[in-house]
Amino acid sequence: MTINYFNEMFDGETVRDPYHGLDAWSRNMPEELRTLKQSEAEALFRRIGITFAVYGEGGSPDRLIPFDMFPRVFSAEEWRKLDRGIKQRARALNAFLVDVYGRGEIVKAGRVPARLVYGNDAFETAVCGIVPPMGVYSHIVGIDLVRTGPEEFYVLEDNCRTPSGVSYMLENREIMMRMFPGLFQEKRIAPVEAYPAILKRTLASVAPRKCEGDPRVVILTPGHFNSAYYEHSFLADQMGVELVEGQDLFVEGDFCWMRTTEGPKRVDVIYRRIDDHFLDPLCFRPDSMLGVPGLMNVYRSGGVNICSAPGAGVADDKAIYTFVPDMVRFYLGEEPILQNVPTWQCAKPDECKYVLENLSELVVKEVHGSGGYGMLVGPRATREQISAFAAKIEEDPDNYIAQPTLALSTCPTFVENGVAPRHVDLRPYCLVGERVELVPGGLTRVALKEGSLVVNSSQGGGVKDTWVLAE
């Protein structure tokens, strides 16, 4: 069966308006210049230290993320719809979190099953009854989007805990501006470099009630062995805040303090990049060496704010994902601007039966899976793989959801023999505090393998600069 994929650059033989001029730019680039520029980009990534980690495959886990020089472009009109839809979704997800850790009205109304919330591994009873500053649980919401046509955008999943990748968004732009300054003179491209300043302003706006004066913000990292450590240090540097590990912080009285050469300094806002269970060994995992003993008591008392809040992950579970359009209606009284991908829940016997009967046509994912692991792409799987995955679903149906194999859009991509279409997705980063803000752009991930629909860097995917044309 032949699938017609939407090509974001071409409408038949005609170049679509957002990509005007890029066709000639790529065609007129000599092969030796393209090779030189690609080497230059890789050298910049290495010099800056932009790597990601893949564990369990032997050898050094640090790898250079593949960078494609052909930008992805959105018109101002296209971005306006995405901007409104992403902000709407971020507001609804935060309203859901405040609700389920409080009165649970959406559960009482029968709109979301209680077992999916209160039986969820990501639901943290330790934060029940807490309403964080501004009523915000998830301060950085990464919404993964796919496109299937000129007007068709779908939300693939929500990331409400600690969505990563924003450093690539910023460095991709920096590198493109260094290598092809002429393109930025020809086109009016909306800037993304304000993201760190907006992030710092967002975090400062949700300072706890006991904060006195200007809030002190820090980024809490698990350390340099973490796969996203480059991003943690990058953001700390860009925001002008301290990058700390758990051993750098301690609790005394009603506050959290940072050890410095000038003595203890009070910390007001912690942008944490470690998982919930490692935050406080007195509240969560007692063997954690990454967190701060007593931190949750200070959080409850309003002495410090943790961003994003512990327990925010219950909103980005793939089983909860199916109910987000209902959240928009329930909390905001609006119709969803962005639609979900149709999804079957294997926890429901009738839907599980359908999934098992149609595995060869579906994409099946683990409810808590990430990084492109723990999934089956039915149309590209062997009979043996399908049979093995069916056994997994039958053994634990609650652990899986299924979706149709979408005709993901393609974007021109530099390959060994020139330019060819490759499938892409998009992760914009929505910042939620006193205001809900979105920089015009995001992280475009590209499946560099011909025909592949898996864009994750751990699975061989790369990244592109994402342009939004200014008004």
Taking the range 409-441 and keeping only residues that are part of a loop (DSSP other than H, G, I, E, B) and surrounded by 21 or more Cβ atoms within 10 Å (Cβ to Cβ), one is left with Ser409, Pro428, Gly433, Val439, Pro440, Gly441
In the range 319-372, the residues that are over 23 Å from the mean Cα position of the chain (by Cα), more than 22 Å from Val454 (Cβ to Cβ) and in a loop (DSSP other than H, G, I, E, B):
Gly333, Glu334, Glu335, Ala347, Lys348
Would the range 283-296 turn up any residue that is at positive phi, assigned to a loop (DSSP other than H, G, I, E, B), small (Gly, Ala, Ser) and surrounded by fewer than 19 Cβ atoms within 10 Å (Cβ to Cβ)?
yes
Against the definition (touching a residue at least 12 places away in the same chain (Cβ under 8 Å), in a loop (DSSP other than H, G, I, E, B) and acidic (Asp, Glu)), how does Glu450 come out, yes or no?
yes
Among the listed residues Tyr154, Tyr168, which satisfies the condition of being open to solvent by 10 Å² or more (accessible area, probe 1.4 Å), hydroxyl-bearing (Ser, Thr, Tyr) and in a strand (DSSP E or B)?
Tyr154
Of all residues in the range 376-403, which are outside any helix (DSSP H, G or I) and touching a residue at least 40 places away in the same chain (Cβ under 8 Å)?
Val377, Tyr400, Ile401, Ala402, Gln403
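What's the total number of residues in the range 262-271 that are within 17 Å of Cys307 (Cβ to Cβ) and either surrounded by fewer than 24 Cβ atoms within 10 Å (Cβ to Cβ) or hydrophobic (A, V, I, L, M, F, W, C) (or both)?
First, pick out the residues of the range 262-271 that are within 17 Å of Cys307 (Cβ to Cβ): 266-271.
Then keep just the ones that are either surrounded by fewer than 24 Cβ atoms within 10 Å (Cβ to Cβ) or hydrophobic (A, V, I, L, M, F, W, C) (or both); that gives 266-270.
Total satisfying the criteria: 5.
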Can you find a residue that is β-branched (Val, Ile, Thr), open to solvent by 10 Å² or more (accessible area, probe 1.4 Å) and modelled with pLDDT of 95 or more anywhere in the range 309-325?
no
Can you list residue pairs whose Cβ atoms sit under 8 Å apart, with the first residue in the range 341-365 being within 17 Å of Val155 (Cα to Cα) and the second being part of a helix (DSSP H, G or I) and open to solvent by 70 Å² or more (accessible area, probe 1.4 Å)? Count only pairs 6 or more apart in sequence or on different chains.
Trp344/Tyr354
Of the residues in the range 146-167, those that are among the hydrophobic types (A, V, I, L, M, F, W, C) and under 21 Å from His368 (Cβ atoms) come to Val146, Val155, Leu156, Cys160
Of the residues Arg80, Arg91, Arg111, only one is more than 30 Å from Ser26 (Cβ to Cβ), open to solvent by 30 Å² or more (accessible area, probe 1.4 Å) and either within 20 Å of the chain's Cα centre (by Cα) or among the aliphatic types (A, V, I, L, M) (or both); which?
Arg91
If a residue has to be assigned to a strand (DSSP E or B) and within 20 Å of Met296 (Cβ to Cβ) to count, how many in the range 261-273 make the cut?
6
Do any residues in the range 26-39 that are farther than 17 Å from Leu64 by Cβ have Cβ atoms under 8 Å from those of residues that are open to solvent by less than 60 Å² (accessible area, probe 1.4 Å) and aromatic (Phe, Trp, Tyr), where the two are at least six apart or on different chains, and which pairs are they?
Ser26/Phe70; Ser26/Phe414; Arg34/Phe414
Any residue in the range 213-231 that is without any contact (Cβ under 8 Å) to a residue 40 or more places away in the chain, farther than 23 Å from Arg47 by Cα and out of contact with any strand residue (DSSP E or B) (no Cβ under 8 Å at 6 or more places or on another chain)?
yes
Arg161 meets each of (1) in a helix (DSSP H, G or I); (2) modelled with pLDDT under 95 with one exception, condition (1)
Filter the range 120-136 down to residues that are part of a helix (DSSP H, G or I) and in contact (Cβ under 8 Å) with a residue 24 or more places away in the chain and give me whichever is most open to solvent (accessible area, probe 1.4 Å).
Met134
Name the residues in the range 412-445 that are more than 19 Å from Tyr5 (Cβ to Cβ) and of a type in the set (Asp, Glu), would you?
Glu416, Glu434, Glu437
List every residue pair whose Cβ atoms lie under 7 Å apart, where the two residues are 6 or more positions apart in sequence or sit on different chains, the first residue falls within the range 94-116 and is more than 11 Å from Phe330 (Cβ to Cβ), and the second residue, located anywhere, is among the polar types (S, T, N, Q).
Asn94/Ser138; Leu97/Ser138
Inside the range 202-219, the number of residues satisfying the requirement of being crowded, with 17+ Cβ neighbours inside 10 Å and either within 24 Å of Ala76 (Cα to Cα) or among the basic types (Lys, Arg) (or both) is 1
Return the residues of the range 214-260 that are closer than 20 Å to Arg161 by Cα, in a loop (DSSP other than H, G, I, E, B) and in contact with an Asp or Glu (Cβ under 7 Å, 6 or more places away or on another chain); say none if nothing qualifies.
Thr221, Gly223
One residue from Val54, Val73 being at pLDDT below 90 and open to solvent by less than 80 Å² (accessible area, probe 1.4 Å):
Val54
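Conditions (1) at pLDDT below 95; (2) surrounded by 19 or more Cβ atoms within 10 Å (Cβ to Cβ), marked per residue:
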{"position": "Gly333", "(1), (2)": "no, no"}
{"position": "Trp344", "(1), (2)": "yes, yes"}
{"position": "Cys352", "(1), (2)": "yes, yes"}
{"position": "Lys365", "(1), (2)": "yes, yes"}
{"position": "His368", "(1), (2)": "yes, no"}
{"position": "Leu376", "(1), (2)": "yes, yes"}
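The values are calculated or read from the model by the stated rules, or taken from the named source; none is laboratory data. All figures in this text were calculated on a predicted structure; none of them were measured in a lab. Backbone-built Cβ (ideal geometry, glycine too); neighbour counts: all protein chains shown. Heads up: the accessible areas ignore ligands, DNA and RNA and are worked out on the full protein's heavy atoms, side chains in. Shrake-Rupley method; radii C 1.70, N 1.55, O 1.52, S 1.80 Å.
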